[in-house]
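Novice: Once you've had a glance at the structure underneath, I'll fire off some questions.
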Amino acid sequence: MAGRWIETWEPEDETFWREKGERVARRNLWFSVLSEHIGFSIWTLWSVMVLFMGPEYGVDPAGKFFLISTATLVGALVRVPYTFAVARFGGRNWTVFSAVSLLVPTLAAYLVMEPGTSYATFVVVAALTGIGGGNFASSMTNINAFFPLRKKGWALGLNAGGGNIGVPVVQLIGLLVIGTLGASHPRIVLGVYIPLIVVSAVCAALYMDNLRPVKNDGGAALEAVRDPHTWIMSVLYIGTFGSFIGYSFAFGLVLQTQFGRTPLQAASLTFIGPLLGSLIRPVGGRLADRYGGARITLATFGAMAAATVVVIQASRSSSLPVFLVGFIALFVLTGLGNGSTYKMIPGIFHAKALAQGLDGEAAASQGRRISGAAMGLIGAVGALGGLAINLAFRQSFQTSGTGTAAFWSFLAFYGVCSAVTWAVYLRRPAPAPVPTKPQIGYAEV
């Protein structure tokens, strides 16, 4: 795996980009999407497996929510080391390794997925699937290095959106199996993914590249940790991606537990929200490129709050049609917000570099340096939002038998995210008495 290293990479140079860079970057993007797509499917595998777990498995709804929470937690934690692995081993090399490693949780689930298996074994195997969540961090860090700032919103949105589609795809496969063979054949879902994992690894080895200029920078990581914008964006990403992944894991269980849907009925609805949320993510990035990420993010959080009110009312009145409308709207809005928030990250650090007196390629390089380090941390913290959502659902169903209390907490958090976005990135600062350096145009990031 030592080959295919690119020694020089200057995406901000328009001549380089036009003559060579764009073609190479796009090729790496498509195969990165494939690998990340499979990774998301394996990460969210247990959102499907729990639909196969009937009474004969002896696992109650709270236990099922804990299983999916375990996968969410591990997926969040491994994002940090996966981020730094790209520079250490190369984007192509790490993509090959991370793809092959997905065989471990898939084969393990294939072996244990049957009645009589201990609950502890299910927890361990669910935890293993979390490594699929790490693929997102390494993939986004890798693609961030390939594209110029003016193209990052579209490229990162497409990369993430194509990966996110792995969630509804695995749910659709689960629906197909349940609808044709019943809920007693979960191993067929797992058997579908084993050859797909091999294909994604082979494609990455044949068609992707490593970038020699991308190196781990301990100083950049330390700067990212110390920078308040890293933590502010982490909070906002909890609201967007944390909601997307948390709802993706929980949607089917909520339908079964609160609305009494059968496995087939739940599976026939579960995939719709994640599919629409995934497809619209590149649109969020494109809108952010055009109108500014902060503006799109603020509008998204306001709309998410409104959709949550609809879901609360439907939950209280036990209206499944209204509940579905509100919940699917939430998925769509999280997709838009995912695209706009990830566009904001490189823009913020590029703006800070300009404010420090850098310009041209120097500012772009500094922005890539810090934003690349920040993305892994922001992605990890954002994914922990999915854990919080699943635990909130678990507690809500344990205490009241419905998810209404959990939705009230989500509504409050979206209000906080709206206020933070406006206060930090859109509210105009008071003019300085002596303009010593350029103002940072955060509304444009």
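Novice: Inspect the stretch 379-394 for any residue being more than 30 Å from residue 62 (Cβ to Cβ) and either surrounded by fewer than 22 Cβ atoms within 10 Å (Cβ to Cβ) or of a type outside the set (S, T, N, Q) (or both) and give the result as yes or no.
Specialist: No, every residue in the stretch 379-394 fails to be more than 30 Å from residue 62 (Cβ to Cβ) and either surrounded by fewer than 22 Cβ atoms within 10 Å (Cβ to Cβ) or of a type outside the set (S, T, N, Q) (or both).
Novice: Of the residues that make up the stretch 179-199, is at least one among the β-branched types (Val, Ile, Thr) and under 30 Å from residue 408 (Cβ atoms)?
Specialist: Within the stretch 179-199 (the criterion being among the β-branched types (Val, Ile, Thr) and under 30 Å from residue 408 (Cβ atoms)), the answer is no, since none of the residues qualifies.
Novice: So which of 298, 275 is assigned to a helix (DSSP H, G or I), of a type in the set (A, V, I, L, M), under 15 Å from residue 414 (Cβ atoms) and open to solvent by 40 Å² or more (accessible area, probe 1.4 Å)?
Specialist: After ruling out the rest, the residue left standing is 298.
Novice: Follow-up. For residues that are assigned to a helix (DSSP H, G or I) and of a type in the set (S, T, N, Q), scanning just the stretch 261-272, find the one that is most open to solvent (accessible area, probe 1.4 Å).
Specialist: 265
Novice: Being out of contact with any His (no Cβ under 9 Å at 6 or more places or on another chain), under 24 Å from residue 270 (Cβ atoms) and crowded, with 21+ Cβ neighbours inside 10 Å is true for just one of 130, 179, 162. Which residue is that?
Specialist: 130
Novice: Follow-up question, since we're still on this one. Scan the stretch 20-34 and give yes if some residue there is closer than 25 Å to residue 263 by Cβ, open to solvent by less than 10 Å² (accessible area, probe 1.4 Å) and in a helix (DSSP H, G or I), otherwise no.
Specialist: no
Novice: Go through the stretch 52-74 and give me each residue that's open to solvent by 10 Å² or more (accessible area, probe 1.4 Å), farther than 17 Å from residue 127 by Cα and either touching a residue at least 12 places away in the same chain (Cβ under 8 Å) or within 17 Å of the chain's Cα centre (by Cα) (or both).
Specialist: Matches in the stretch 52-74: 54, 56, 57, 58, 61.
Novice: Can you give me the number of residues within the stretch 384-402 that are outside any helix (DSSP H, G or I) and β-branched (Val, Ile, Thr)?
Specialist: Adding up the residues that qualify gives 1.
Novice: Can we say residue 331 is aromatic (Phe, Trp, Tyr), over 15 Å from the mean Cα position of the chain (by Cα) and assigned to a helix (DSSP H, G or I)?
Specialist: Spelling it out, it is not the case that residue 331 is aromatic (Phe, Trp, Tyr), over 15 Å from the mean Cα position of the chain (by Cα) and assigned to a helix (DSSP H, G or I).
Novice: Please work out which residue is modelled with the lowest pLDDT, limiting yourself to the stretch 14-49 and to residues that are over 14 Å from residue 140 (Cα atoms) and hydroxyl-bearing (Ser, Thr, Tyr).
Specialist: Checked the stretch 14-49; the qualifying residue modelled with the lowest pLDDT is 47.
Novice: For the stretch 207-224, does any single residue satisfy the condition of being free of Cβ contacts under 8 Å to residues at least 60 places away in the same chain, over 27 Å from residue 88 (Cα atoms) and either part of a loop (DSSP other than H, G, I, E, B) or open to solvent by 20 Å² or more (accessible area, probe 1.4 Å) (or both)?
Specialist: Taking every residue of the stretch 207-224 in turn, none turns out to be free of Cβ contacts under 8 Å to residues at least 60 places away in the same chain, over 27 Å from residue 88 (Cα atoms) and either part of a loop (DSSP other than H, G, I, E, B) or open to solvent by 20 Å² or more (accessible area, probe 1.4 Å) (or both).
Novice: Another question, if that's okay. Please go through (1) at pLDDT 90 or above; (2) out of contact with any strand residue (DSSP E or B) (no Cβ under 6 Å at 6 or more places or on another chain); (3) crowded, with 19+ Cβ neighbours inside 10 Å for residue 6 and return the number of the only condition it doesn't satisfy.
Specialist: Failed condition: (2).
Novice: Going through the stretch 35-48 one residue at a time, which ones are open to solvent by less than 10 Å² (accessible area, probe 1.4 Å) and part of a helix (DSSP H, G or I)?
Specialist: 35, 36, 38, 39, 40, 41, 42, 43, 45, 46, 47, 48
Novice: In the stretch 350-378, what residues are open to solvent by less than 40 Å² (accessible area, probe 1.4 Å), in contact with a Pro (Cβ under 8 Å, 6 or more places away or on another chain) and within 22 Å of residue 213 (Cα to Cα)?
Specialist: If the condition is that a residue be open to solvent by less than 40 Å² (accessible area, probe 1.4 Å), in contact with a Pro (Cβ under 8 Å, 6 or more places away or on another chain) and within 22 Å of residue 213 (Cα to Cα), then 364, 367, 371 are the ones that fit.
Novice: Still on this structure: Anything in the stretch 232-260 that is in contact (Cβ under 8 Å) with a residue 12 or more places away in the chain, open to solvent by 10 Å² or more (accessible area, probe 1.4 Å) and farther than 17 Å from residue 308 by Cα? List them, or say none.
Specialist: 232, 235, 256, 257, 259
The values are calculated or read from the model by the stated rules, or taken from the named source; none is laboratory data. These numbers were taken from a predicted model, which means no experiment stands behind them. Backbone-built Cβ (ideal geometry, glycine too); neighbour counts: all protein chains shown. To get the accessible areas, we keep the full protein, side chains included, count just its heavy atoms, and leave off ligands, DNA and RNA. Shrake-Rupley method; radii C 1.70, N 1.55, O 1.52, S 1.80 Å.
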